[in-house]
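Peer 1: Got a structure for you, written out below as structure tokens; questions coming shortly.
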Amino acid sequence: MATLLKHSAKYALSGRLARLGVHSRHGGLQCLQPRLLPHQRSASTSSKILVEMDDSTGIAVLTMKNPPVNSLSLDFLTEFSISLEKLELDRGCRGVILTSALPKIFSAGLDIMEMYGKSPEHCGEFWKAVQEMWLRLYGSSMITIAAINGSSPAGGCLMALACDYRIMAENPKYSIGLNETQLGIVAPFWFKDTLVNTVGNRAAELSLQLGLLYSAPDALRTGLVDLLVPEDKVLSTASQTMTQWLAIPGENAIGSNPRVSSS
Ligand SMILES: CCCCCCCC/C=C\C/C=C/C(=O)SCCNC(=O)CCNC(=O)[C@H](O)C(C)(C)COP(=O)(O)OP(=O)(O)OC[C@H]1O[C@@H](n2cnc3c(N)ncnc32)[C@H](O)[C@@H]1OP(=O)(O)O
């Protein structure tokens, strides 16, 4: 792990930005047309992320589109962090809704192929990118809402946990949780801390030690998600919830986030 961290320290986001090149407005899947009215819309898309910004509300929808399962590969994580950084720097953007373009899957978590047979340099780069994704989401000064429209094991669950609020589709087939133990690995401490901060100590102990994957109703009962809604209402409910949060006077919903505010 020390070697991994040493390699990762050499890794710079700006370098990856340069390698990725500029975002194209015309790339992406045909089914992923922007959903906003033309006069309100600004959309940018990279190959794996679509960002639609509604300038009239300050709400951006960040849609993951990395088939088949939105696994968190190095390329995906790099595009994700760059997209979030751009929104963070955009003074007009006050809230981000994170969702998936893929049917049935929010995110399958870390891309298993990134962890198999790779050089130490690549592993360091990958691990740094995982940490950066988490830091950017968890430390964001924007309101972040996960619109969980599919299953979300392990690193996918971490992504959702790193948001301020989680709305999940009440589909009995979907599951969510930090199930690393069941995969024969131990969740890193910052995965654990993020879970503890959300569900409390005892629920996190059980969840992590047994590697539990929760159905949507169980995830709600445990506090892993905040709200269940019918599948076709996940995004609209996220949008309504965001509007309510952004209406809190003085932007105090942002200012009172204990993760980004020391006061
Ligand atoms: C290297 C440096 C770092 C070292 C340190 C590592 C320590 C890390 C310790 C802990 C943190 C780990 C966090 C993680 O996130 S680990 C990944 C955990 N995720 C999983 O195990 C998910 C496994 N996948 C599933 O459960 C299912 O695929 C599903 C529920 C997401 C979707 O089910 P279904 O719709 O039935 O699809 P398939 O199972 O048929 O899958 C389709 C296709 O996708 C491939 N695939 C699935 N998951 C992943 C994945 N995580 N990474 C890469 N590829 C994935 C699957 O193999 C199929 O591919 P195909 O056969 O080629 O079609």
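Peer 1: Can you give the FRET efficiency for Ser141 and Lys173, using 1/(1 + (r/R0)^6), R0 = 41 Å, r = Cβ-Cβ distance, to the nearest 0.05?
Peer 2: My answer for the efficiency is 0.70.
Peer 1: Contour minus end-to-end for Gln240 and Trp190, with contour as 0.36 nm per residue of separation and end-to-end as the Cα-Cα distance?
Peer 2: 15.0 nm
Peer 1: May I have the convex hull volume per residue, in Å³, for the Cα set of region 46-157?
Peer 2: In region 46-157, the Cα convex hull volume per residue is 93 Å³.
Peer 1: Further, regarding this structure: Going by average Cβ density within 10 Å per residue, which order do the peptides 73-82, 200-209, 157-166 take, highest to lowest?
Peer 2: 157-166, 73-82, 200-209
Peer 1: Moving on to the next point. I'd like the Karplus ³J(HN,Hα) series for region 87-92: coefficients 6.51, -1.76, 1.60, θ = phi - 60°, whole numbers in Hz, and an x wherever there's a Gly or Pro.
Peer 2: 5, 4, 7, 7, 5, x
Peer 1: Longer than 26 Å from Cα to Cα, which of Lys128/Lys173; Lys65/Lys128; Lys128/Lys192; Lys65/Lys118; Lys48/Lys86; Lys48/Lys104 are they? Say none if no pair is.
Peer 2: Violating the 26 Å limit, Cα to Cα: Lys128/Lys173.
Peer 1: Right, next: Name the long-range amide H neighbours of Leu227: under 5 Å, sequence gap of 5 or more, or other chain; modelled H, no Pro or chain starts.
Peer 2: Residues meeting the amide H criterion: Arg166, Met168.
Peer 1: Here is a further query. What list of ³J(HN,Hα) couplings, whole Hz, do you get for region 202-212 from phi and the Karplus terms 6.51, -1.76, 1.60, once you set θ to phi - 60° and write x for glycine and proline?
Peer 2: So the Karplus estimates, Gly and Pro as x, are 5, 5, 5, 4, 4, 4, 6, 5, 8, x, 6 Hz.
Read-outs throughout are calculated quantities, based only on the coordinates presented, and are distinct from any laboratory measurement. In this text the structure is predicted, and so the values were computed from the model without any measurement. All Cβ positions, even for glycine, are placed from backbone atoms using ideal geometry, and neighbour counts span all protein chains on display.
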